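Everything below concerns the one structure shown next.
The values are calculated or read from the model by the stated rules, or taken from the named source; none is laboratory data. The structure displayed is predicted, hence computed values, not measured ones. Here the Cβ is made from the backbone with ideal geometry for all residues, glycine too, and neighbour counts use every protein chain on show. Quick note on the areas: whole protein, heavy atoms, side chains included, nothing else; ligands and nucleic acids left out. Shrake-Rupley method; radii C 1.70, N 1.55, O 1.52, S 1.80 Å.
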Amino acid sequence: MSHLMVSVSGVRGVVGETLTPETIVKFVSAFASFSKGTTVVVGRDSRVSGELSKQIAISTLISHGYKVIDIGVTPTPTVQLMTEHLKADAGLMITASHNPVEWNGLKFIGSDGLFLDPEACKEMYKLADENTFKYKKWDELGSIEHYTSANDDHIQMIFDLDYIDENLIRQKKFKVVLDTINGAGCKIMHDLLRQLGCEIVHINAEAHGIFAHTPEPIPENLSQLMKTVKKENADIGIAVDPDVDRCVLIDENGEALGEEYTLALAVKLVLGKKLGHVVKNMSSSKASDDIAKYYNCLVYESEVGEINVAKKMIEMNAVIGGEGNGGVMLPDLHIGRDAPLAAALTLQHLAEYNGTISALKKTLPEYHIHKEKISIDGIDPEKIFLKIKAKYSGKKISEKDGIKIYDDNWWIHIRKSNTEPILRIISESKTVEKSKELISEIQSLI
Ligand code: MG
(Lines give C-alpha, C1' and ligand atoms only; values in the text may rest on other atoms or scores of the structure.)
Protein backbone atom coordinates (compact mmCIF):
# COMPACT_ATOMS: atom_id res chain seq x y z
CA MET A 1 0.00 0.00 0.00
CA SER A 2 1.35 3.41 -0.93
CA HIS A 3 1.49 6.43 1.37
CA LEU A 4 -0.53 9.58 0.96
CA MET A 5 2.18 12.24 0.68
CA VAL A 6 1.11 15.44 2.45
CA SER A 7 3.75 18.20 2.35
CA VAL A 8 4.46 21.80 1.32
CA SER A 9 4.30 20.49 -2.25
CA GLY A 10 0.62 19.62 -1.70
CA VAL A 11 -1.05 16.22 -1.49
CA ARG A 12 -0.15 13.23 -3.67
CA GLY A 13 -1.44 9.67 -3.59
CA VAL A 14 -2.12 6.60 -5.70
CA VAL A 15 -5.57 6.79 -7.26
CA GLY A 16 -7.99 4.29 -5.73
CA GLU A 17 -5.58 3.46 -2.88
CA THR A 18 -4.62 6.57 -0.95
CA LEU A 19 -6.08 9.22 -3.25
CA THR A 20 -9.80 8.38 -3.04
CA PRO A 21 -12.83 10.62 -3.69
CA GLU A 22 -13.13 11.04 0.11
CA THR A 23 -9.50 12.22 0.36
CA ILE A 24 -10.06 14.80 -2.37
CA VAL A 25 -13.28 16.08 -0.71
CA LYS A 26 -11.50 16.35 2.65
CA PHE A 27 -8.44 18.26 1.44
CA VAL A 28 -10.35 20.49 -0.98
CA SER A 29 -12.83 21.31 1.82
CA ALA A 30 -9.89 22.24 4.06
CA PHE A 31 -8.52 24.43 1.26
CA ALA A 32 -11.94 26.06 0.73
CA SER A 33 -12.30 26.81 4.46
CA PHE A 34 -8.73 28.03 4.78
CA SER A 35 -8.88 30.33 1.73
CA LYS A 36 -11.94 32.23 3.01
CA GLY A 37 -12.62 33.58 -0.48
CA THR A 38 -15.31 33.42 -3.14
CA THR A 39 -13.45 32.60 -6.38
CA VAL A 40 -11.00 29.83 -7.25
CA VAL A 41 -9.18 28.92 -10.48
CA VAL A 42 -8.97 25.16 -11.15
CA GLY A 43 -6.78 23.39 -13.71
CA ARG A 44 -5.53 19.84 -14.18
CA ASP A 45 -2.81 17.91 -15.95
CA SER A 46 -3.63 15.21 -18.50
CA ARG A 47 -3.71 12.16 -16.20
CA VAL A 48 -6.45 9.59 -16.89
CA SER A 49 -7.76 10.24 -13.36
CA GLY A 50 -7.60 14.01 -13.94
CA GLU A 51 -11.13 14.73 -15.13
CA LEU A 52 -12.69 12.61 -12.37
CA SER A 53 -10.51 14.23 -9.70
CA LYS A 54 -11.29 17.67 -11.08
CA GLN A 55 -15.04 17.05 -11.02
CA ILE A 56 -14.86 15.94 -7.38
CA ALA A 57 -12.75 19.00 -6.47
CA ILE A 58 -15.05 21.40 -8.35
CA SER A 59 -18.21 19.91 -6.80
CA THR A 60 -16.62 20.25 -3.37
CA LEU A 61 -15.73 23.90 -4.00
CA ILE A 62 -19.26 24.65 -5.23
CA SER A 63 -20.61 22.96 -2.07
CA HIS A 64 -18.54 25.48 -0.11
CA GLY A 65 -20.08 28.38 -2.04
CA TYR A 66 -17.16 29.11 -4.37
CA LYS A 67 -17.37 30.39 -7.91
CA VAL A 68 -15.03 28.04 -9.80
CA ILE A 69 -13.18 29.20 -12.91
CA ASP A 70 -12.30 25.95 -14.72
CA ILE A 71 -9.36 26.55 -17.08
CA GLY A 72 -9.11 22.94 -18.28
CA VAL A 73 -5.95 20.97 -19.06
CA THR A 74 -3.11 23.39 -18.33
CA PRO A 75 0.36 23.54 -16.78
CA THR A 76 0.74 24.24 -13.06
CA PRO A 77 2.35 27.64 -13.81
CA THR A 78 -0.70 28.57 -15.92
CA VAL A 79 -2.99 28.02 -12.91
CA GLN A 80 -0.62 30.15 -10.80
CA LEU A 81 -0.61 32.93 -13.42
CA MET A 82 -4.39 32.84 -13.97
CA THR A 83 -5.11 32.94 -10.22
CA GLU A 84 -3.25 36.24 -10.11
CA HIS A 85 -4.43 37.51 -13.50
CA LEU A 86 -8.15 36.74 -12.97
CA LYS A 87 -7.92 38.17 -9.42
CA ALA A 88 -9.17 34.94 -7.85
CA ASP A 89 -8.87 34.25 -4.13
CA ALA A 90 -7.16 30.91 -4.67
CA GLY A 91 -5.96 28.40 -7.26
CA LEU A 92 -6.08 24.61 -7.30
CA MET A 93 -4.03 22.40 -9.61
CA ILE A 94 -4.89 18.72 -9.97
CA THR A 95 -1.56 17.01 -10.61
CA ALA A 96 1.05 14.68 -9.18
CA SER A 97 3.78 16.53 -11.11
CA HIS A 98 6.38 13.98 -12.29
CA ASN A 99 5.08 11.03 -10.24
CA PRO A 100 4.12 7.94 -12.29
CA VAL A 101 0.77 7.55 -14.05
CA GLU A 102 -1.04 5.81 -11.16
CA TRP A 103 -0.62 8.89 -8.99
CA ASN A 104 -2.57 12.12 -8.80
CA GLY A 105 -2.71 14.98 -6.34
CA LEU A 106 -3.52 18.57 -5.42
CA LYS A 107 -1.34 21.69 -5.44
CA PHE A 108 -2.71 24.63 -3.41
CA ILE A 109 -2.19 28.21 -4.59
CA GLY A 110 -2.90 31.53 -2.83
CA SER A 111 -4.34 34.73 -4.36
CA ASP A 112 -0.77 35.92 -5.10
CA GLY A 113 -0.21 32.94 -7.43
CA LEU A 114 2.31 31.38 -5.02
CA PHE A 115 1.96 27.95 -3.42
CA LEU A 116 0.79 28.05 0.17
CA ASP A 117 3.80 28.40 2.47
CA PRO A 118 4.69 25.84 5.16
CA GLU A 119 2.75 27.67 7.92
CA ALA A 120 -0.38 27.99 5.78
CA CYS A 121 -0.12 24.31 4.77
CA LYS A 122 0.14 23.30 8.43
CA GLU A 123 -2.98 25.26 9.32
CA MET A 124 -4.90 23.88 6.35
CA TYR A 125 -3.86 20.25 6.99
CA LYS A 126 -5.06 20.67 10.58
CA LEU A 127 -8.50 21.59 9.21
CA ALA A 128 -8.36 18.48 7.02
CA ASP A 129 -7.53 16.29 10.04
CA GLU A 130 -10.45 17.72 12.02
CA ASN A 131 -12.74 17.09 9.01
CA THR A 132 -15.75 18.93 10.49
CA PHE A 133 -16.88 20.92 7.47
CA LYS A 134 -20.24 22.60 7.01
CA TYR A 135 -21.57 22.70 3.46
CA LYS A 136 -23.75 25.44 1.96
CA LYS A 137 -27.55 25.17 1.62
CA TRP A 138 -29.21 24.98 -1.79
CA ASP A 139 -29.53 28.75 -2.20
CA GLU A 140 -25.91 29.47 -1.19
CA LEU A 141 -24.14 27.04 -3.54
CA GLY A 142 -21.36 28.31 -5.77
CA SER A 143 -21.16 28.16 -9.56
CA ILE A 144 -18.84 27.19 -12.41
CA GLU A 145 -17.49 29.16 -15.32
CA HIS A 146 -15.28 27.79 -18.12
CA TYR A 147 -12.34 29.93 -19.18
CA THR A 148 -10.86 28.58 -22.38
CA SER A 149 -8.00 30.93 -23.23
CA ALA A 150 -5.66 30.39 -20.26
CA ASN A 151 -2.93 28.71 -22.33
CA ASP A 152 -3.11 31.50 -24.95
CA ASP A 153 -3.01 34.19 -22.23
CA HIS A 154 0.06 32.53 -20.73
CA ILE A 155 1.88 32.56 -24.08
CA GLN A 156 0.93 36.20 -24.69
CA MET A 157 2.26 37.21 -21.27
CA ILE A 158 5.59 35.54 -22.13
CA PHE A 159 5.72 37.43 -25.46
CA ASP A 160 4.95 40.69 -23.63
CA LEU A 161 8.18 40.35 -21.62
CA ASP A 162 10.98 42.76 -22.57
CA TYR A 163 13.38 39.80 -22.62
CA ILE A 164 11.60 38.12 -25.55
CA ASP A 165 11.88 39.37 -29.15
CA GLU A 166 9.48 37.08 -31.03
CA ASN A 167 10.49 38.46 -34.41
CA LEU A 168 14.16 37.69 -33.84
CA ILE A 169 13.33 34.12 -32.80
CA ARG A 170 10.96 33.69 -35.79
CA GLN A 171 13.72 34.74 -38.22
CA LYS A 172 15.86 31.84 -36.99
CA LYS A 173 13.26 29.21 -37.99
CA PHE A 174 14.61 26.84 -35.32
CA LYS A 175 13.94 23.14 -35.80
CA VAL A 176 12.84 21.86 -32.40
CA VAL A 177 12.04 18.34 -31.23
CA LEU A 178 9.49 18.67 -28.45
CA ASP A 179 8.72 15.92 -25.93
CA THR A 180 5.62 16.73 -23.87
CA ILE A 181 5.25 13.16 -22.50
CA ASN A 182 1.49 13.14 -23.35
CA GLY A 183 1.09 15.59 -20.47
CA ALA A 184 -0.44 19.01 -19.91
CA GLY A 185 2.23 20.69 -22.03
CA CYS A 186 1.11 19.18 -25.36
CA LYS A 187 -0.97 22.16 -26.47
CA ILE A 188 0.74 25.15 -24.85
CA MET A 189 4.28 24.09 -25.74
CA HIS A 190 3.29 23.33 -29.34
CA ASP A 191 1.41 26.64 -29.68
CA LEU A 192 4.31 28.56 -28.14
CA LEU A 193 6.88 27.08 -30.54
CA ARG A 194 4.56 27.47 -33.55
CA GLN A 195 4.07 31.15 -32.75
CA LEU A 196 7.84 31.50 -32.48
CA GLY A 197 8.17 30.26 -36.08
CA CYS A 198 9.77 26.92 -35.16
CA GLU A 199 9.65 23.81 -37.28
CA ILE A 200 8.33 21.34 -34.71
CA VAL A 201 8.87 17.59 -34.50
CA HIS A 202 6.49 16.77 -31.67
CA ILE A 203 6.82 13.43 -29.88
CA ASN A 204 4.49 12.14 -27.12
CA ALA A 205 2.14 14.86 -28.28
CA GLU A 206 -1.31 13.53 -27.27
CA ALA A 207 -2.55 14.80 -23.90
CA HIS A 208 -4.14 11.46 -22.94
CA GLY A 209 -2.05 11.08 -19.79
CA ILE A 210 -0.47 7.69 -20.56
CA PHE A 211 3.11 8.79 -20.08
CA ALA A 212 5.48 7.59 -22.79
CA HIS A 213 8.43 7.24 -20.42
CA THR A 214 9.33 7.72 -16.76
CA PRO A 215 7.99 11.24 -16.20
CA GLU A 216 10.84 12.97 -14.36
CA PRO A 217 12.59 15.07 -17.03
CA ILE A 218 16.15 13.96 -16.39
CA PRO A 219 18.53 12.79 -19.14
CA GLU A 220 18.21 9.06 -18.32
CA ASN A 221 14.46 9.27 -19.17
CA LEU A 222 14.88 11.25 -22.39
CA SER A 223 16.62 8.80 -24.74
CA GLN A 224 13.78 8.91 -27.30
CA LEU A 225 14.07 12.71 -27.47
CA MET A 226 17.87 12.59 -27.75
CA LYS A 227 17.74 10.08 -30.61
CA THR A 228 15.04 12.05 -32.43
CA VAL A 229 17.00 15.33 -32.22
CA LYS A 230 19.96 13.65 -33.87
CA LYS A 231 17.91 11.79 -36.49
CA GLU A 232 15.96 14.93 -37.41
CA ASN A 233 19.05 17.16 -37.51
CA ALA A 234 17.24 19.53 -35.20
CA ASP A 235 18.69 22.63 -33.55
CA ILE A 236 17.50 21.70 -30.08
CA GLY A 237 15.38 19.25 -28.08
CA ILE A 238 13.00 20.44 -25.37
CA ALA A 239 11.39 18.20 -22.72
CA VAL A 240 8.88 19.15 -20.05
CA ASP A 241 7.38 17.18 -17.16
CA PRO A 242 3.64 16.27 -16.99
CA ASP A 243 2.61 19.55 -15.29
CA VAL A 244 5.07 21.70 -17.26
CA ASP A 245 6.99 23.48 -14.50
CA ARG A 246 10.32 21.86 -15.41
CA CYS A 247 12.12 22.21 -18.76
CA VAL A 248 15.17 20.24 -19.88
CA LEU A 249 17.29 20.86 -23.00
CA ILE A 250 19.05 18.59 -25.51
CA ASP A 251 21.76 19.92 -27.81
CA GLU A 252 21.90 19.52 -31.60
CA ASN A 253 24.09 16.39 -31.22
CA GLY A 254 21.42 14.68 -29.15
CA GLU A 255 23.32 15.19 -25.88
CA ALA A 256 21.53 16.40 -22.77
CA LEU A 257 22.78 19.73 -21.45
CA GLY A 258 21.93 18.47 -17.96
CA GLU A 259 18.85 19.80 -16.20
CA GLU A 260 21.01 22.27 -14.23
CA TYR A 261 21.79 24.24 -17.36
CA THR A 262 18.22 25.41 -18.04
CA LEU A 263 18.43 27.80 -15.08
CA ALA A 264 22.07 28.75 -15.74
CA LEU A 265 21.19 29.79 -19.32
CA ALA A 266 18.20 31.81 -18.12
CA VAL A 267 20.31 33.55 -15.45
CA LYS A 268 22.90 34.51 -18.07
CA LEU A 269 20.28 35.89 -20.49
CA VAL A 270 18.37 37.83 -17.84
CA LEU A 271 21.39 39.35 -16.04
CA GLY A 272 22.73 40.42 -19.44
CA LYS A 273 19.62 42.63 -19.73
CA LYS A 274 18.74 43.50 -16.13
CA LEU A 275 21.10 43.41 -13.17
CA GLY A 276 19.89 42.24 -9.76
CA HIS A 277 19.90 39.46 -7.21
CA VAL A 278 19.57 35.77 -8.08
CA VAL A 279 17.99 33.10 -5.85
CA LYS A 280 18.41 29.35 -6.24
CA ASN A 281 17.84 26.39 -3.96
CA MET A 282 20.81 24.91 -2.09
CA SER A 283 21.00 21.84 -4.35
CA SER A 284 21.40 23.83 -7.58
CA SER A 285 24.54 24.23 -9.68
CA LYS A 286 27.25 26.77 -8.89
CA ALA A 287 27.19 27.73 -12.58
CA SER A 288 24.60 30.41 -11.75
CA ASP A 289 26.86 31.79 -8.99
CA ASP A 290 29.77 32.17 -11.42
CA ILE A 291 27.53 33.87 -14.00
CA ALA A 292 26.15 36.26 -11.36
CA LYS A 293 29.69 37.03 -10.16
CA TYR A 294 30.65 37.99 -13.72
CA TYR A 295 27.81 40.55 -13.66
CA ASN A 296 28.72 41.68 -10.11
CA CYS A 297 25.39 40.33 -8.86
CA LEU A 298 24.73 38.32 -5.71
CA VAL A 299 23.24 34.84 -5.41
CA TYR A 300 21.17 33.84 -2.38
CA GLU A 301 20.32 30.26 -1.52
CA SER A 302 17.04 28.95 -0.13
CA GLU A 303 15.92 25.62 1.23
CA VAL A 304 14.79 23.11 -1.40
CA GLY A 305 11.15 23.50 -2.56
CA GLU A 306 9.53 26.01 -4.92
CA ILE A 307 7.78 28.00 -2.16
CA ASN A 308 11.10 28.41 -0.30
CA VAL A 309 12.79 29.76 -3.43
CA ALA A 310 9.78 32.02 -4.07
CA LYS A 311 9.81 33.50 -0.56
CA LYS A 312 13.55 34.19 -0.74
CA MET A 313 13.09 35.82 -4.17
CA ILE A 314 10.47 38.17 -2.72
CA GLU A 315 12.65 38.93 0.31
CA MET A 316 15.68 39.77 -1.84
CA ASN A 317 13.68 41.39 -4.66
CA ALA A 318 15.46 39.02 -7.08
CA VAL A 319 15.32 39.49 -10.86
CA ILE A 320 15.58 35.74 -11.54
CA GLY A 321 15.61 32.51 -9.59
CA GLY A 322 14.72 28.87 -9.67
CA GLU A 323 15.82 25.33 -9.12
CA GLY A 324 18.48 23.28 -10.84
CA ASN A 325 15.88 20.66 -11.79
CA GLY A 326 14.84 22.73 -14.82
CA GLY A 327 12.60 25.18 -12.94
CA VAL A 328 13.00 28.83 -13.96
CA MET A 329 11.21 31.64 -12.07
CA LEU A 330 11.07 35.18 -13.45
CA PRO A 331 9.33 37.80 -11.26
CA ASP A 332 8.63 40.01 -14.30
CA LEU A 333 6.20 37.23 -15.33
CA HIS A 334 5.44 35.56 -11.98
CA ILE A 335 7.26 33.80 -9.16
CA GLY A 336 6.55 30.20 -10.16
CA ARG A 337 8.57 27.56 -12.00
CA ASP A 338 7.50 27.89 -15.61
CA ALA A 339 8.60 25.60 -18.46
CA PRO A 340 7.02 27.57 -21.37
CA LEU A 341 8.91 30.62 -20.07
CA ALA A 342 12.16 28.62 -19.77
CA ALA A 343 11.77 27.38 -23.37
CA ALA A 344 11.12 30.89 -24.71
CA LEU A 345 14.11 32.34 -22.82
CA THR A 346 16.32 29.54 -24.19
CA LEU A 347 15.27 30.22 -27.79
CA GLN A 348 15.78 33.96 -27.28
CA HIS A 349 19.26 33.24 -25.93
CA LEU A 350 20.05 30.94 -28.83
CA ALA A 351 18.78 33.52 -31.35
CA GLU A 352 20.94 36.28 -29.83
CA TYR A 353 23.96 34.00 -29.60
CA ASN A 354 23.65 33.07 -33.25
CA GLY A 355 25.41 29.71 -32.90
CA THR A 356 24.58 26.17 -31.84
CA ILE A 357 23.21 25.26 -28.42
CA SER A 358 26.27 23.07 -27.69
CA ALA A 359 28.56 26.06 -28.42
CA LEU A 360 26.35 28.29 -26.25
CA LYS A 361 26.65 25.78 -23.40
CA LYS A 362 30.45 25.96 -23.70
CA THR A 363 30.26 29.68 -22.84
CA LEU A 364 28.84 28.70 -19.42
CA PRO A 365 30.92 27.59 -16.42
CA GLU A 366 31.50 23.83 -16.57
CA TYR A 367 30.47 21.82 -13.54
CA HIS A 368 29.53 18.20 -12.95
CA ILE A 369 26.73 17.54 -10.54
CA HIS A 370 26.15 14.11 -9.07
CA LYS A 371 23.01 13.05 -7.21
CA GLU A 372 22.59 9.98 -5.01
CA LYS A 373 20.12 8.77 -2.43
CA ILE A 374 20.86 6.51 0.53
CA SER A 375 18.36 4.57 2.61
CA ILE A 376 18.55 5.55 6.28
CA ASP A 377 15.81 3.30 7.61
CA GLY A 378 16.51 2.98 11.36
CA ILE A 379 19.46 5.40 11.33
CA ASP A 380 19.26 8.82 13.00
CA PRO A 381 20.18 11.40 10.32
CA GLU A 382 21.18 13.93 13.01
CA LYS A 383 24.01 11.58 14.06
CA ILE A 384 25.15 11.38 10.44
CA PHE A 385 25.09 15.19 10.19
CA LEU A 386 27.29 15.44 13.31
CA LYS A 387 29.86 13.10 11.79
CA ILE A 388 29.84 15.09 8.54
CA LYS A 389 30.27 18.35 10.46
CA ALA A 390 33.27 16.93 12.33
CA LYS A 391 34.92 15.68 9.15
CA TYR A 392 34.59 19.02 7.36
CA SER A 393 35.10 21.24 10.42
CA GLY A 394 37.55 23.52 8.59
CA LYS A 395 35.08 24.30 5.79
CA LYS A 396 32.22 26.75 5.42
CA ILE A 397 29.07 24.89 6.46
CA SER A 398 25.36 25.75 6.21
CA GLU A 399 22.73 23.89 8.23
CA LYS A 400 19.70 25.67 6.76
CA ASP A 401 18.38 22.55 5.01
CA GLY A 402 20.28 19.41 6.09
CA ILE A 403 23.98 20.19 5.82
CA LYS A 404 25.93 21.78 2.99
CA ILE A 405 29.71 22.06 2.82
CA TYR A 406 31.31 24.66 0.60
CA ASP A 407 34.76 24.78 -0.95
CA ASP A 408 35.93 27.23 -3.63
CA ASN A 409 35.72 24.53 -6.32
CA TRP A 410 33.09 22.13 -5.02
CA TRP A 411 30.16 21.71 -2.68
CA ILE A 412 28.20 18.83 -1.23
CA HIS A 413 24.65 18.96 0.15
CA ILE A 414 23.11 16.23 2.30
CA ARG A 415 19.45 16.50 3.28
CA LYS A 416 16.63 14.32 4.53
CA SER A 417 13.84 13.63 2.06
CA ASN A 418 10.47 14.86 3.34
CA THR A 419 8.68 11.92 1.83
CA GLU A 420 10.91 8.84 2.01
CA PRO A 421 13.33 7.41 4.63
CA ILE A 422 16.31 8.45 2.52
CA LEU A 423 19.10 11.01 2.50
CA ARG A 424 19.66 12.92 -0.71
CA ILE A 425 23.32 13.64 -1.43
CA ILE A 426 24.18 16.11 -4.16
CA SER A 427 27.76 17.06 -5.00
CA GLU A 428 29.26 19.32 -7.63
CA SER A 429 32.78 20.03 -8.79
CA LYS A 430 34.78 20.66 -11.94
CA THR A 431 35.19 16.94 -12.71
CA VAL A 432 32.98 13.84 -12.67
CA GLU A 433 35.60 11.97 -10.61
CA LYS A 434 35.76 14.60 -7.86
CA SER A 435 31.94 14.81 -7.61
CA LYS A 436 31.72 11.00 -7.25
CA GLU A 437 34.58 10.98 -4.74
CA LEU A 438 32.75 13.56 -2.57
CA ILE A 439 29.68 11.33 -2.48
CA SER A 440 31.80 8.26 -1.55
CA GLU A 441 33.35 10.22 1.33
CA ILE A 442 29.88 10.86 2.74
CA GLN A 443 28.74 7.29 2.11
CA SER A 444 31.73 5.98 4.10
CA LEU A 445 30.55 8.04 7.11
CA ILE A 446 27.08 6.43 7.13
MG1 MG B 1 6.26 19.32 -12.16
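Any idea which of A310, A318 is closer than 13 Å to A266 by Cβ and either of a type in the set (D, E, K, R) or open to solvent by less than 20 Å² (accessible area, probe 1.4 Å) (or both)? Result of the check over A310, A318: A318.
From the set of residues in segment 85-111 that are more than 16 Å from the ligand (Cβ to nearest atom) and of a type in the set (D, E, K, R), which is surrounded by the fewest Cβ atoms within 10 Å (Cβ to Cβ)? Write out each step before concluding.
Taking segment 85-111 and keeping what is more than 16 Å from the ligand (Cβ to nearest atom), we get 85-90, 102, 110-111.
From the residues that got through so far, the ones that are of a type in the set (D, E, K, R) too are 87, 89, 102.
Numbers: K87: 10, D89: 16, E102: 16.
This residue is K87.
Taking each residue of segment 180-194 that is under 15 Å from A342 (Cα atoms) and looking for partners that are assigned to a helix (DSSP H, G or I) and among the hydroxyl-bearing types (S, T, Y) with beta-carbon atoms closer than 8 Å, six or more apart or interchain, yields I188/T78.
Quick check on my filter: what residues within segment 420-441 are within 26 Å of E306 (Cβ to Cβ) and open to solvent by less than 60 Å² (accessible area, probe 1.4 Å)? Write out each step before concluding.
First, pick out the residues of segment 420-441 that are within 26 Å of E306 (Cβ to Cβ): 420-428, 435, 439.
I422, L423, I425, I426, S427, E428, S435, I439, listed by residue number.
Filtering I405, I397 for residues that are open to solvent by less than 20 Å² (accessible area, probe 1.4 Å), in a strand (DSSP E or B) and within 17 Å of N281 (Cα to Cα) leaves a single hit, I405. As for segment 347-358, it holds no residue that is under 25 Å from P242 (Cβ atoms), in contact with a Cys (Cβ under 8 Å, 6 or more places away or on another chain) and within 16 Å of the ligand (Cβ to nearest atom).
For the criterion of being at pLDDT 95 or above, open to solvent by 10 Å² or more (accessible area, probe 1.4 Å), away from the ligand (no atom under 16 Å from the Cβ) and polar (S, T, N, Q), N233 passes. Each residue in segment 137-159 was checked for being assigned to a loop (DSSP other than H, G, I, E, B) and open to solvent by less than 100 Å² (accessible area, probe 1.4 Å), and 4 pass. One residue stands out in segment 172-198 among those that are in contact with a strand residue (DSSP E or B) (Cβ under 8 Å, 6 or more places away or on another chain), hydrophobic (A, V, I, L, M, F, W, C) and outside any helix (DSSP H, G or I): the one that is farthest from E252 (Cα to Cα), namely A184. Within the option set V240, V279, being within 16 Å of the ligand (Cβ to nearest atom) and surrounded by 21 or more Cβ atoms within 10 Å (Cβ to Cβ) holds for one residue only, V240.
Output the residues belonging to segment 324-357 that are open to solvent by 10 Å² or more (accessible area, probe 1.4 Å), charged (D, E, K, R) and over 17 Å from G272 (Cα atoms). Across segment 324-357, the qualifying residue is only R337.
For segment 56-84, the tally of residues that are outside any helix (DSSP H, G or I) and more than 16 Å from the ligand (Cβ to nearest atom) stands at 9. K371 fulfils the conditions (1) open to solvent by 80 Å² or more (accessible area, probe 1.4 Å); (2) in contact with a helix residue (DSSP H, G or I) (Cβ under 7 Å, 6 or more places away or on another chain); (3) not in a helix (DSSP H, G or I) except for a single criterion, (2).
Are any residues in segment 62-80 under 17 Å from S97 (Cβ atoms), of a type in the set (A, V, I, L, M, F, W, C) and either surrounded by fewer than 22 Cβ atoms within 10 Å (Cβ to Cβ) or touching a Leu at 6+ places or on another chain (Cβ under 8 Å) (or both), and if so, which ones? Talk me through it step by step, then tell me what you get.
Here is the first cut: in segment 62-80, the residues under 17 Å from S97 (Cβ atoms) are 73-80.
Filter once more, keeping what is of a type in the set (A, V, I, L, M, F, W, C): 73, 79.
Across segment 62-80, the qualifying residue is only V79.
Just one of (1) modelled with pLDDT of 95 or more; (2) of a type in the set (K, R); (3) farther than 21 Å from Y261 by Cβ; (4) surrounded by 13 or more Cβ atoms within 10 Å (Cβ to Cβ) fails for K416. It is (1). Close contacts from segment 1-22, counting a first residue that is on the phi > 0 side of the Ramachandran plot and a second that is buried (at least 19 other Cβ atoms within 10 Å of the Cβ), with Cβ to Cβ under 7 Å and a gap of 6+ residues or different chains, come to G10/G105; G10/L106; G10/K107; G10/F108.
So, in segment 199-211, of the ones that are part of a loop (DSSP other than H, G, I, E, B) and open to solvent by 50 Å² or more (accessible area, probe 1.4 Å), which residue ends up nearest to H154 (Cα to Cα)? Here the answer is A207.
Search segment 243-263 for residues being of a type in the set (A, V, I, L, M) and away from the ligand (no atom under 15 Å from the Cβ), and hand back the single one that is nearest to A292 (Cα to Cα).
Only one residue tops the list, namely L257.
When you go through K273, K293 one by one, which is the residue that is free of Cβ contacts under 8 Å to residues at least 12 places away in the same chain and either within 16 Å of the ligand (Cβ to nearest atom) or over 18 Å from the mean Cα position of the chain (by Cα) (or both)? Explain how you work it out, then say what you get.
Numbers: K273 fails: free of Cβ contacts under 8 Å to residues at least 12 places away in the same chain.
Just a single option satisfies the conditions, and that option is K293.
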